[in-house]
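Participant: Please read through the structure below; I'll follow up with questions.
What follows draws every value from the coordinates through simple rules; no lab data is involved. The shown structure was predicted, so the numbers you read here are calculated from the model rather than taken from an experiment. Reconstructed Cβ throughout: ideal geometry from the backbone, glycine too, with neighbour counts over all protein chains shown.
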Amino acid sequence: MNQDEKLNIIKDILLTDEREFVSSIEKKIQILENTINKQKELSEKVNPIIDSKLNNFVKDIPETLGPTITSTLKAEIKNSQDAVVEALFPIMGKMIKRYVQHEMKMLSEKINNQVNKTFSFKRFFRRAKSKAAGVSESDLILQDHNNAKIEQIIVIEKGSGLLLAEYSKNKMADEDMVAGMLTAIKSFVEDAFIKEDQSLQYIEYDLYHIHIQNFSSFYIAVVISGVYNVIFKDDLEDELLEFADKHKIAKLLQNKPLLSKKLEEFFKNDDI
Amino acid sequence: MTISKKIVLIGHFGVGKTSLIRRFVENTFTEDYKVTIGVHISKRTINISENEDISLIIWDLEGQDDIKKTRPSYLLGTNGFIYVFDLTRPVTFEHLNDELAFLKENFSTVPVKVVGNKVDLVNKIYLKEHSEQFDNVVDYFVSAKTGSRVEKLFAKLAQDLIQK
C-alpha cells in the first residue's frame with residue numbers, strides 16, 4: 001500500500017459524514033432550482049399562499065379600503081356633477097325607455113287580448129263607435145283605462161290675454177301668468193302662419209294637453225290630463241259651446257267672480 | 001276686489017326693461033345681461049285703496065330699435081305702456097318723439113309713461129345738456145340698479161289706470 005492509497009483510506013474514514021451531508025444539500029438545491037425555474041411547480045407551492053392572502057384582502061376591503069373609496073367617490077361625484085350626469089343620462093334614458101317600452105308592450109298585449117277574446121255587446125258598440133269616430137279600438141280601450149280629466153279651465157280675453165274667469169280642482173299655476181303666456185304663444189303662432197281664419201287649437205305640455213276653444217272676443221283654455229283623443233275633443237267642444245250658449249258668457253265677461261262660479265258649477269263633474 | 005291691467009314695456013335692446021320689471025316684481029338686480037326673446041310675462045298685485053287691489057300683468061317685450069317692428073298682436077288690449085330708453089346711449093332716445101307719435105296714433109287712449117333708465121350712471125350736468133330732448137317728454141328718470149323711482153313709476157301708472 002503506497003502513500004496515496006493510505007491517504008484515501010484515511011479520507012474515507014474521516015470525511016464520510018461530510019460527503020453525505022454535501023450530497024444531501026446538493027439534492028435540496030437541485031429541488032429548489034427546479035421549483036423556482038419551473039413555473040408550474042412554483043405555482044403549486046405559491047398559489048395557495050397567494051390565494052389565502054388574496055381572500056383575506058378581499059374580505060378586509062370593506063373595512064380597510066371602503067371608507068377611502070367611498071370618500072374619494074363622493075368627492076369625485078361632488079366635484080364633477082355635470083360629468084356624472086352626462087355619463088349617466090344616456091344609460092338612465094335607455095333603462096327608462098326599455099322599461100316604458102316593456103310596459104307599453106304589456107299594455108298593448110293586454111288590450112289586444114281584450115279586443116280579440118271578448119265578444120260582447122260592449123265590443124260591438126265599441127267597434128261601431130271606433131268606425132264612426134275614426135279612432136282605433138285600442139285607443140278607446142286605452143281611454144277607458146286612463147280617462148281624460150279636466151284639471152283647469154281658464155277664460156281669457158283675446159288680445160290683452162287678461163284672465164276673465166278660472167276654475168281649477170288643483171291650483172296648477174298662476175292663472176294670470178298662464179293666461180298671458182298662452183295668449184303670447186297663441187299670438188306668435190298665429191302671426192307666424194299668416195293664413196287668415198286659422199288659430200292655435202291645441203298645445204301639448206308634458207303629461208297635459210291644453211285645448212283651446214276660440215270665441216270672438218275671448219277664448220277658453222282647458223288643461224286636460226289623461227288621454228286626449230278625437231272623441232274627447234268633440235265632446236269637450238260640445239260642452240264648451242253649450243256652456244257659452246247657456247250662460248251667455250259674452251255678457252258675463254266683466255264679472256269675474258260670477259263667471260268663475262258658473263264655470264265651477266258646469267265643470268265640477270267633468271265626466272265628459 | 002282685484003282688477004287686472006296689461007302693462008307693456010317697450011324700447012330698444014339693452015335699455016333695462018327686464019331689469020326694471022325684476023326690480024319692481026322681485027326687488028332684485030343683476031348686472032348680467034340676458035336678451036329677452038319674444039315676450040316674458042310677470043305679475044305684481046299692488047294695493048291702491050282699502051278694498052281695491054290692482055294686478056299688473058307686465059309684458060316684457062324683446063327690444064326693438066324701431067317700435068314699428070314690434071309684433072302688433074303683443075300690443076293688443078294694452079292698458080298702459082312704459083317706454084324705456086337708456087340715458088347713457090343717445091341712440092336709444094334720438095327718435096323718441098317719432099316712437100311716441102306712433103303710440104299716440106295707434107293707442108290714443110292708452111296712458112304712456114316715458115322712462116329714462118340708468119340715471120345712476122349720469123350726472124345732473126348731462127341731464128341738463130339733454131334737457132331739450134327730455135323736458136316735457138320724460139316722466140321719470142329711474143334706476144333699476146338702485147331702485148330709484150321704480151316703485152313710484154308703477155304706482156303712478158296704476159293710479160292713472162284706475163282713474164281712467
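Participant: For chain B, what does the relative contact order come out to in percent, with C-alpha contacts under 8 Å and a separation of six or more?
Facilitator: This gives 27 percent for chain B.
Participant: Let me ask another. Over all residues in A:175-187, what is the mean tally of Cβ atoms on other chains that come within 10 Å of each residue's Cβ?
Facilitator: Values: counts 1, 9, 4, 1, 3, 10, 5, 1, 9, 9, 2, 1, 8.
Neighbouring Cβ atoms belonging to other protein chains average 5 per residue here.
Participant: To the nearest 0.05, how large is the calculated FRET efficiency for residue B:3 and residue B:32 if R₀ is 30 Å and r is the Cβ-Cβ distance? Working shown, then result.
Facilitator: Details: r = 34 Å, r/R0 = 1.15.
Between residue B:3 and residue B:32 the formula returns 0.30.
Participant: Compute a Gaussian network model of chain B, connecting alpha carbons closer than 10 Å, and tell me which residue from B:104, B:124, B:145 fluctuates the most.
Facilitator: Of B:104, B:124, B:145, the Gaussian network model singles out B:124 as fluctuating most.
Participant: Something else about it: List the pairs from B:5/B:152; A:186/B:17; A:59/A:94; B:104/B:156; A:97/A:186 whose alpha-carbon separation is above 29 Å, in the order I gave them.
Facilitator: On the way: B:5/B:152 17 Å; A:186/B:17 23 Å; A:59/A:94 35 Å; B:104/B:156 19 Å; A:97/A:186 32 Å.
Checking Cα-Cα distances, A:59/A:94; A:97/A:186 exceed 29 Å.
Participant: Under the definition of partner shielding as Cβ atoms of other protein chains within 10 Å of a residue Cβ, what is the mean value for peptide A:159-170?
Facilitator: 3
Participant: Could you work out the helix-only [θ] at 222 nm for chain A, with each DSSP H run of four or more residues adding -39,500 (n - 2.57) and the total divided by the number of residues, to the nearest 500 deg cm²/dmol?
Facilitator: Numbers: 10 runs with 185 residues, N = 272.
When only DSSP H runs of four or more count, the value is -23000 deg cm²/dmol.
Participant: What net charge is computed for the residues neighbouring residue A:18, neighbours being all others with C-beta under 14 Å from the C-beta of residue A:18, Lys and Arg scored +1, Asp and Glu -1? Provide the component values of the computation, followed by the final result.
Facilitator: Details: positive: A:11, A:19; negative: A:12, A:17, A:20, A:26.
Combined, the nearby Lys, Arg, Asp and Glu give -2.
Participant: How far apart, in nm, are the 7 Å Cα→Cβ label points at residue A:109 and residue A:177?
Facilitator: 4.5 nm
Participant: From the residues A:87, A:148, A:1, which one has its Cα farthest along the dipole of chain A in the positive direction, the dipole being from +1 and -1 charges on Cβ of Lys/Arg and Asp/Glu about the Cα centre?
Facilitator: Of the listed residues, the answer is A:148.
Participant: What percent does the relative contact order of chain A come to when contacts are Cα pairs within less than 8 Å and at least six residues apart? Mind showing how you got there, number by number?
Facilitator: Working: 203 pairs, mean separation 38.4, N = 272.
Once normalised by length, the contact order is 14 percent.
Participant: Can you tell me which of A:30, A:201, A:254 moves the most in a GNM of chain A? Springs connect C-alpha atoms under 10 Å apart.
Facilitator: A:30
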